[in-house]
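The values are calculated or read from the model by the stated rules, or taken from the named source; none is laboratory data. This one's a predicted model, so the numbers in the text were calculated from it and none came from an experiment. Cβ coordinates were reconstructed from backbone atoms using ideal geometry, including for glycine residues, and neighbour counts include every protein chain displayed.
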């Protein structure tokens with residue numbers, strides 16, 4: 001956050017000057033130069049004598065210094081040039097953003113509130129949420145987790161050496177360094193940043209900066225390597241918000257093309273399933289993911305229209321319910337007998353639930369494309 005969302009380096013330096021003067025600490029400037037991006041505890045250990053830390057306590061010292069910083073910076077705080085415009089464009093494109101900062105949450109909220117950017121971020125990981133601050137990758141790994149993305153599909157903006165190191169250790173797909181704290185030459189020659197810019201206003205080709213995949217040399221997202229083309233297509237359209245998708249594989253089968261065409265024209269997903277004998281009547285019928293579906297299950301809203309109920313659904317194949325299994329409640333659930341679910345998280349066997357089919361592994365991505373209210377149909381696998 002510091003040096004990325006706001007150019008506040010000098011405010012922190014001034015705050016440390018006041019803070020160190022209170023405690024009679026000298027020779028702190030040189031030590032601070034190597035500490036940008038670190039957490040407060042690490043900085044305090046670096047510049048303060050141990051006896052002061054023992055007497056006052058690390059937490060109290062950190063809070064005191066940060067209170068000085070907020071008082072010093074409040075009259076002049078403003079976002080880095082071009083930041084708000086970038087955040088607005090990313091929101092327009094449906095790209096989620098997170099903040100990963102070694103600073104305390106109070107400082108993050110202070111910056112967000114005063115710059116009017118709170119609503120642009122769907123995840124915040126501050127230094128008081130982690131056990132190890134930068135250059136450890138924990139902050140960025142938690143931020144990627146909060147965005148529900150692998151870190152390799154994330155682009156990181158950083159300004160400090162330790163932050164760039166943390167992002168690289170986290171496996172970030174691309175790292176863009178801002179020359180707000182360190183000179184461009186230093187960032188280009190002494191860090192692992194992929195791109196160096198002056199500020200966000202200097203971004204002239206956002207598409208080039210964001211262009212995936214972020215894995216160097218790979219033709220697509222790593223998760224799509226073993227996926228069926230129609231599943232990869234749906235994943236890009238529904239989970240990445242892409243407006244245009246080019247399928248360049250000349251070997252895409254006619255069946256896969258038909259699945260993609262059906263999705264593009266109707267919005268309905270084709271979900272290949274190998275159903276057990278006796279359940280074939282469930283093929284080629286439109287289902288809707290119920291709005292009360294939990295995270296680990298897709299509950300079929302139209303179950304009562306297409307399946308048998310009451311005493312007619314006898315216990316059969318009541319085995320472990322693993323991800324990609326299609327299940328049906330049997331008479332053990334009384335009036336709920338006949339309800340159909342698609343399993344998204346492994347579950348144990350239940351004598352009241354029959355496993356009636358399975359989605360092939362190459363269509364696994366489709367399970368996370370079926371959101372609440374989304375329509376889909378089960379189709380034969382071959």
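For this structure, a couple of remarks:
- Scanning the stretch 4-40 for residues that are under 15 Å from residue 61 (Cα atoms) and either at pLDDT below 75 or in a helix (DSSP H, G or I) (or both) turns up 12, 15, 16, 17, 18, 19, 20, 21, 22, 39, 40.
- Test: residue 243 is outside any helix (DSSP H, G or I), under 22 Å from the mean Cα position of the chain (by Cα) and either surrounded by fewer than 20 Cβ atoms within 10 Å (Cβ to Cβ) or touching a residue at least 40 places away in the same chain (Cβ under 8 Å) (or both): yes
- Whenever a residue of the stretch 290-315 is more than 15 Å from residue 356 (Cβ to Cβ), its partners that are at pLDDT 85 or above and outside any loop (DSSP other than H, G, I, E, B), lying with C-beta atoms within less than 6 angstrom and at least six residues away or across chains, give the pairs 290/299; 293/299; 301/288; 302/287; 311/331.
- Sole residue being assigned by TED's automatic domain parsing to the domain that holds residue 362 and surrounded by fewer than 13 Cβ atoms within 10 Å (Cβ to Cβ), chosen from 338, 278: 278
- Total residues in the stretch 70-104 satisfying the condition of being touching a residue at least 60 places away in the same chain (Cβ under 8 Å) and in a helix (DSSP H, G or I): the figure is 7.
- Restricting 20, 104, 115 to those that are in the same structural domain as residue 199 (by TED's automatic domain parsing), surrounded by 13 or more Cβ atoms within 10 Å (Cβ to Cβ) and out of contact with any helix residue (DSSP H, G or I) (no Cβ under 6 Å at 6 or more places or on another chain) reduces the list to 115.
- Within the set 365, 347, 305, the sole residue that is surrounded by 14 or more Cβ atoms within 10 Å (Cβ to Cβ) and either over 30 Å from residue 252 (Cα atoms) or in contact with a strand residue (DSSP E or B) (Cβ under 9 Å, 6 or more places away or on another chain) (or both) turns out to be 347.
- Of the strands (runs of 3 or more DSSP E) lying entirely inside the stretch 334-382, those carrying at least 1 residues that are within 13 Å of residue 301 (Cα to Cα) are 340-343, 375-380.
- Sole residue being within 30 Å of residue 264 (Cα to Cα), modelled with pLDDT under 90 and in contact with a strand residue (DSSP E or B) (Cβ under 7 Å, 6 or more places away or on another chain), chosen from 210, 206, 149, 218: 210
- Only one of the listed residues (88, 55, 64) is over 30 Å from residue 203 (Cβ atoms) and surrounded by fewer than 14 Cβ atoms within 10 Å (Cβ to Cβ). That residue is 55.
- There is at least one residue in the stretch 126-133 that is assigned by TED's automatic domain parsing to the domain that holds residue 92 and at pLDDT 90 or above.
- Members of the stretch 136-170 that are closer than 21 Å to residue 197 by Cα, in contact with a helix residue (DSSP H, G or I) (Cβ under 7 Å, 6 or more places away or on another chain) and not in a helix (DSSP H, G or I): 154, 155, 156, 158
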